[in-house]
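Below you'll find the structure, written out as structure tokens, and then a few comments.
The values are calculated or read from the model by the stated rules, or taken from the named source; none is laboratory data. In this text the structure is predicted, and so the values were computed from the model without any measurement. So basically every Cβ, Gly included, is an ideal-geometry build from the backbone, and we count neighbours across all protein chains shown. Each accessible area value is taken on the protein alone, full model and side chains, heavy atoms only, with ligands, DNA and RNA left out. Shrake-Rupley method; radii C 1.70, N 1.55, O 1.52, S 1.80 Å.
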Amino acid sequence: MSTDVTSERLSLVKTAPAAPASPAARRGRTRRRLGPGRPIPYGRALGPVLLLAIWSGGSATGLIDARNLSAPWTVVATAGDLIADGRLQTNVWTSAERAVSGLAYGVAAGLVLALIAGLSRLGEGVIDGPVQIKRGIPTLALIPLLILWFGIGESMKVITIALSAFVPVYIHTHNGLRTIDARYVELAETLRLSRPRFLLHIVLPGALPGFLLGMRFAVTAAWLALAVVEQVNATSGIGYMMGLARTYGQTDIIIVGLVVYGLLGLLSDGLVRLVERKVLSWRRTLAD
Amino acid sequence: MATHAGGLTATAREADAAVRIEGLVRAFGTRTVLDGLDLTLRPGEFVAMLGRSGSGKSTLLRALAGLDHDAGGEGELSAPDHVSVVFQDARLLPWKRVLANVTLGLTGADAGERARTALDEVGLAGREDAWPVELSGGEQQRVSLARSLVREPELLLADEPFGALDALTRGRMHTLLARLYERHRPAVLLVTHDVDEAIALADRVVVLDGGRIAADLAVDLPAPRRHGTPEYAALRTRLLARLGVDGPDHD
């Protein structure tokens, strides 16, 4: 262990005279620890709990104005009310539907284009350039143009989300396809694999880790795009609910919306990671 | 018959030779690696090839395996239809379990059964469902041997297959390879830098130097080939001298 080595080295240069026979001197054999030390149980929860405590304390003492930030208990009560009258579920459902369909179109497009560009030189020449140019333009900057083309309805929202999700899937899958180890290509040649078998057994499994990494970025990008497009003339969804709450100065509802966005983001990322662990179990054995 | 690079004609296999190479030239840019090389392997013959690094051993092997797409050259080269290659790294696909690595590219309903038999032959029965990362280096190389032999090659090309293994494992692999060779009898071209490995396994040892065969010695020592005998020492010294090493202690 590195800490042992460190303390061993320190003991060599230590010149302080030993105080004889006292318990402190005997304990002095174990040198002062320089590393961060043992992990604290539930240590990761410390920061969030501290923030929550400051928020609660501030609200209770009136240091935090409820017009700027509602008290935690108000937020919880509001969430309860919103669930009781069904508004929260309806809006979350609408938002999730938008995000999922946008994500589905985006992932499908990114995957297909990456395969075409990754598996043929002609495909790469035709597709890769435009995608790299598209990558340079933030998708959210395209919203004015998309509104002119598709209006302010549902299709504009889904297309914006799809465009955001498509880029990371394309980039990482294409990279995965292009960086398949040449040694495996050689192996396939000596085994005389046909081209379809080569694709099935070597190229696609080899590109899978890249695709899944792209998926994780795509999910994050989809939620970001969702939050933005729901500010544009939506009549339903979490963003609409929050926008309406802003008009009436209901910070409690805005906080509920933020918490829902956060939970959805964490949940979907966890889902992709779960799939990653299942599908790439051959890799996990190394980490275990 | 595989089509080889550089305008080579791969003629039909002749009954009396598993491999026939005449005047083979291979160049990468301005550097000529193989310079009019001639070599013939009889069917079922075990030939070891020694040579300093950069002498063109791997280039020759790649030419025989049909892997040298970008090399320029000329000459006659004929190799059998069924060629298997064992690489220095086991080169298993990490995303496929052991059995699927062996059956890769096999066709027919009995592919799984044949692969199981091959794994049994290399002493890995029961490890069919392991992932390659779960195996030791020696075990991985044994899977790679099973993958090569399940195809029943007429020619087995091995490029320093045991170079990355520790001495103890290497010794065991020598025994295994010798046993598998006795059973399957492919022609073998074993590229190695280890003189003792060459003498222990091969019927014939060739030394590659300057892009040509510089020495071609039959190994007619009685089995088992032990280090101590004077014949062994004499052959070893001759081979080392051909490799440009003075004393017998410098390999």
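With a Förster radius of 41 Å applied to the C-beta separation of residue B:130 and residue A:112, the computed FRET efficiency comes to 0.75.
Label zone of residue A:142 (point 7 Å out along Cα→Cβ, amide N under 15 Å): in segment A:157-199 this covers A:157-171.
Which whole number in µm²/s is D for segment A:76-155 by Stokes-Einstein, with the Kirkwood Rh taken over Cα pairs at 4 °C and 1.567 mPa s? For these conditions, the coefficient is 82 µm²/s. Between residue A:279 and residue A:97, the contour length at 0.36 nm per residue exceeds the alpha carbon distance by 63.0 nm. Counting Cβ atoms of other protein chains within 10 Å of each residue's Cβ and taking the mean over peptide A:275-283 gives 2.
Using a 10 angstrom cutoff on alpha carbons, build the Gaussian network for chain A and name the most mobile of A:109, A:141, A:79. For chain A, modelled as a Gaussian network with Cα springs under 10 Å, the answer is A:141. Here the accessible area of the protein assembly as shown is 59 percent carbon and sulfur, with a 1.4 angstrom probe and all protein chains present. Summing +1 for each Lys or Arg and -1 for each Asp or Glu among the other residues whose beta-carbon sits under 11 angstrom from that of residue A:231 gives +1. Once the 1.4 Å probe is applied to the protein heavy atoms, segment B:154-251 comes out at 49 Å² accessible per residue.
Ranking of A:121, B:204, A:273 by solvent-accessible surface, largest first: A:121, A:273, B:204 (1.4 Å probe, protein heavy atoms only, all chains present). With the whole protein complex present, residue A:261 retains an accessible surface near 40 Å², based on a 1.4 Å probe. At the residue level, residue A:228 shows approximately 50 square angstrom of accessible surface with a 1.4 angstrom probe and all protein chains present. Kindly identify residues of segment A:196-221 having a loss of at least 10 Å² in accessible area between the isolated chain and the assembly of all protein chains, probe radius 1.4 Å. Those residues are A:197, A:201, A:202, A:205, A:206.
Between A:219, A:272, A:167, the Gaussian network model of chain A with springs among Cα atoms under 10 angstrom shows the greatest mean-square fluctuation at A:272. For chain A, the 222 nm mean residue ellipticity estimated from helices alone, with every DSSP H stretch of n ≥ 4 adding -39500 (n - 2.57) and the total spread over all residues, rounds to -23000 deg cm²/dmol. Shielding by partners for peptide B:89-99, expressed as the average number of C-beta atoms from other protein chains within 10 Å of each residue's C-beta, is 4. When chain B is treated as a GNM with alpha-carbon contacts under 10 Å, the residue of B:174, B:184, B:227 showing the greatest mean-square fluctuation is B:227.
Sorted into 10 angstrom bins from 0, the C-alpha pair distances of chain A split as 6, 18, 21, 19, 16, 12, 7, 2, 0 percent. Remark: chain B carries a charge dipole of roughly 300 debye about the Cα centre, counting +1 on each Lys and Arg Cβ and -1 on each Asp and Glu Cβ. Stokes-Einstein diffusion for chain B at 10 °C, viscosity 1.306 mPa s, with a Kirkwood radius from C-alpha pairs, works out to 84 µm²/s. For chain A, the relative contact order works out to 21 percent when only alpha carbon pairs closer than 8 Å and six or more residues apart are counted. Would you be so kind as to identify which of A:146, A:165, A:83 lies farthest towards the positive end of the dipole of chain A, taking Lys and Arg as +1 and Asp and Glu as -1 on Cβ and the Cα centre as origin? So the residue furthest toward the plus end is A:165. Counted over the protein assembly as shown with a bin width of 10 Å, the fraction of Cα pairs per bin, in whole percents, is 3, 13, 17, 16, 14, 13, 12, 8, 4, 1, 0. When A:133, A:147, B:21 are compared by accessible area of protein heavy atoms, the largest-first order is A:133, A:147, B:21, using a 1.4 Å probe. Once the Cβ-Cβ distance of residue A:73 and residue A:186 is raised to the sixth power relative to R0 = 51 Å, the FRET efficiency obtained is 0.20. Using the alpha carbons alone, the radius of gyration of segment A:139-288 stands to its Kirkwood radius in an Rg to Rh ratio of 1.14. Listed by number, the DSSP H helices of chain A that run 20 Å or longer by alpha-carbon position along their axis and have mean Kyte hydropathy of at least 0.5 are A:46-61, A:87-119, A:154-178, A:204-229, A:251-279.
Summed over both chains, the accessible area lost when A and B associate is about 2100 Å², using a 1.4 Å probe. The listed residues B:70, B:89, B:216, B:129, once ranked by accessible area (1.4 Å probe) with the largest placed first, stand as B:70, B:129, B:216, B:89. Take each residue of peptide B:75-86, count the partner chain Cβ atoms within 10 Å of its Cβ, and average: the result is 1.
Relative contact order, whole percent, for chain B stands at 25, derived from Cα pairs under 8 Å and 6 or more residues apart. For segment A:134-288, the relative contact order comes to 24 percent (Cα pairs under 8 Å, sequence separation of at least 6). With all protein chains kept in place, the per residue accessible area of chain A amounts to 61 square angstrom at a probe of 1.4 angstrom. For residue A:65, the solvent-accessible surface computed with a 1.4 Å probe is close to 60 Å², ligands and nucleic acids excluded. Protection proxy ranking, highest mean first, for peptides B:186-194, B:78-86, A:45-53: B:186-194, B:78-86, A:45-53, where packing is the per-residue count of other beta-carbon atoms within 10 Å, averaged.
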